[in-house]
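What follows is a set of notes on a single structure, which appears directly below.
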Amino acid sequence: MMPRPGTILLSVLCGLACLGPCTQRAATSRLPIELHTSAGLIRVTPRYCGELVKVWGTVSPSCDVVVKLASPREPALFSRKGKVGPFWLSVDRVRFENVPWMYKVKSSEPIDEILSLEEQIRYQLGVRGLKASIGVQKGVDRDLYLNELIMTRKADRLFSFGHTGVRRKGRSFATSFFWPSDGPSGRYLIEAFAVTGGRVAGYKTRVLEVKKVGLEAWVSRLAQGHGIFYGAFAVSLAIAAGLIASLVFKRPQGHIAKS
Amino acid sequence: MNIFLPVAGIDVNLLLIIGIGVFVGFVQGLLGSGGFLLTPLLIMLGVSPTVAAASGINAIVGASVSGTFAHLKAGNVDVKMGLFMLVGGIAGGGAGTIIVKILRAMGNLDVVIILCYVIFMAVIGVIMFVEGLSSRVKGESESPGESPVMRWLGKLPFRTHFKVSGVETSALAPLLLGGFVGVLAAIMGVGGGFFLIPAMTYFLGMPMQVVVGTVLFQMLFTSGSVTFMQAAVNHNVDAILAAILLVGTTLGAQLGARLVRRLKADQLKVAFSLMVLAMSVKMLNDLLVAPAFFLVELGGRR
């Protein structure tokens, strides 16, 4: 976001004119905000089972704070279940555009009370901000499908819209996000917004990288990218494991294996 | 103690997976079949049906390797018969792998796998229940007699002699049996022993000892090639999951084999058949109950 010259001028003027509460500096959208995270990199190892990422920072005490965690956006393909005879089968497909795999937002006060709808949409904050940013395939009931998409992701604990969850104390704020074990690797953004007078007055972004390392990385890379080598690896590993295990738990003499 | 499974994409309790392995191995050691429980138990644990089936067949590779060697050494493998079955198995496994790919793209693979298990476990459950009650477990395999299937197989062309088994039958018979089991291996992740052992005893009239050795032999190679094809085409094999399961099944098979003489197999069979029937009913119920959401994300995300 490139600030327009007018905005810069205004912010300089405001900065000079008022050293008071941030309500008066709302228009600057340059309010300083500090943001820290407990992890910049999450390593997915065989022992990995999710991680709690702490987020904290400082901002003017009179501001509200919204913290958003989101993965890069991509198209998502869903199948629609319908009843065929007694069974529930996939009967149709629906394509969504611009869907984050994970989207979590927390704030010091309910978002609808502190942020105007235009600002929610501009910064893609909250349920309404997120909905407005997702594209739905033409010819289907947009609201119905968007709601369902959001509900499924919420059920998988990939989406959450905490009306609160950001703690304030003086200038500092703090919150945390639980990183699920099935979050795919990639670069995620953690953003903190200083909110005042129904508008975003400043924000700061941190990158959180999730990376499979060691055996995990090797196995999943091989499985996805080199199926033939992975197939050979899977078969050899099973043969080796079967042989080793049968040596360790050696069968009684004279007994023939009857797997 | 949790472990993250790289292909299944979930974290699970390590001891729980080993426990499933021990249980399945135990049942197998005790009753002679049980490998078919692997996939449904993994599904109930939260592994997606397609990964559960493909990893199950991967585990069967390891579970049949030591037995195959032992039977080869003892001369219990009809290699000629086994090779014919293997050709059928690879063809069937290839077809099954393609079916998996198509059904997965359509979004109905999970339903098909679960439905296959519902039917399959219902049949196995009923058979075991009846067998257990009529307590004819031992001495069952003597003088099979001429069945209609045997007569039909006898009319097929390409008759050939299988020396080790001491039978003469059409080469198409092992090809068809192997092909059928290959399709099942790809879709359901089962080795097929539960079907092949009675089929070869009754339909082909082979001696029990050779049947077991030959089935293990073809199972090792069929499951190996199906694992390979699934990994190459569908990327749904979790080798780590399979390796952990193997530790459990080997241990369980030992326990089962040691306890088999001390426990009453008939009563166990009845109890076990009830469990299999209950699992079948539970899975059927899951298919009939309306899903929580009418949208389900199509795979390929992990």
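Each reported figure results from applying straightforward, stated rules to the coordinates on display, with no laboratory input. Because the structure is a prediction, the values reported are computed rather than measured. Glycine also receives a Cβ, built like all others from the backbone with ideal geometry; neighbour counts cover every protein chain displayed.
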Q.
Using 26 Å as the Cα-Cα cut-off, could you pick out the over-long pairs in A:Lys68/A:Lys154; A:Lys211/B:Lys101; A:Lys138/A:Lys211; A:Lys106/A:Lys138; A:Lys81/A:Lys131?
A. A:Lys211/B:Lys101; A:Lys138/A:Lys211; A:Lys106/A:Lys138
Q | Sequence-distant residues sharing a close amide H with A:Lys212 (under 5 Å, placed H) | A | A:Val44
Q: Measure nothing fancy, just the Cα-based angle from helix B:14-31's long axis to the longest principal axis of chain B, in degrees from 0 to 90, nearest 10.
A: 20
Q.
Test of understanding: ordering A:His226, B:His161 by Cβ neighbours within 10 Å, fewest first, what list do you get?
A. B:His161, A:His226
**Q.** Between 0 and 90°, nearest 10: helix B:79-106 axis offset from chain B longest Cα axis
**A.** 30
**Q.** lysines with Cα under 30 Å of B:Lys73, excluding same-chain neighbours fewer than 8 positions away
**A.** A:Lys250, A:Lys258, B:Lys138, B:Lys163
(Q) As I understand it, the dipole of chain B uses +1 on the Cβ of Lys and Arg and -1 on the Cβ of Asp and Glu, about the Cα centre. Which of B:Asn236, B:Val51, B:Ala70 lies farthest toward its positive end? (A) B:Ala70
Q: Taking H placed 1.01 Å from N in the peptide plane, check which residues at least 5 places from B:Thr169 or on another chain put their amide H under 5 Å from its amide H.
A: B:Thr160, B:Phe162
Q. How big is the charge dipole of region A:73-198 about its Cα centre, in debye rounded to the nearest 20, if each Lys and Arg gets +1 on its Cβ and each Asp and Glu gets -1 on its Cβ?
A. 280
**Q.** Charge dipole of the protein assembly as shown about the Cα centre (unit charges at C-beta), most positive-ward option of B:Ser273, B:Thr222, A:Ser172
**A.** A:Ser172
**Q.** Most positive-pole-ward Cα, A:Trp218, A:Ser236, A:Val248, against dipole of region A:206-252 from beta carbon charges
**A.** A:Val248
Q | Lys, Arg +1 and Asp, Glu -1 on Cβ, resulting dipole of the protein assembly as shown about Cα centre, debye, nearest 20 | A | 820
Q: Filter the chymotrypsin sites (Phe, Trp or Tyr not before Pro) in region B:151-194 down to the DSSP loop ones having no more than 13 other Cβ atoms within 10 Å, then list what survives.
A: B:Phe158
Q | B:Ile102, B:Ile20, B:Ile60 arranged by Cβ crowding within 10 Å, fewest neighbours leading | A | B:Ile102, B:Ile20, B:Ile60
**Q.** Two-decimal Rg to Rh for the protein assembly as shown - Kirkwood Rh, Cα set
**A.** 1.11
Q: For region B:26-105, count the residues as N, evaluate 2.2 N^0.38 Å, and divide the Cα radius of gyration by that value, please.
A: 1.31
Q) Taking amide H positions as placed 1.01 Å from N in the peptide plane, with prolines and chain starts having none, which residues 5 or more places from A:Asp92, or on another chain, fall under 5 Å of its amide H? A) A:Arg80
Q.
If you take each beta carbon of peptide B:107-117 and count the beta carbons of other chains within 10 angstrom, what is the mean?
A. 3
Q: Per DSSP H run of n ≥ 4, the term is -39500 (n - 2.57); total these for chain B, divide by its residue number, and report the mean residue ellipticity at 222 nm rounded to 500 deg cm²/dmol.
A: -24000 deg cm²/dmol
Q.
With +1 on the Cβ of every Lys and Arg and -1 on the Cβ of every Asp and Glu, and nothing else charged, how large is the dipole of chain B about its Cα centre, in debye rounded to the nearest 20?
A. 420
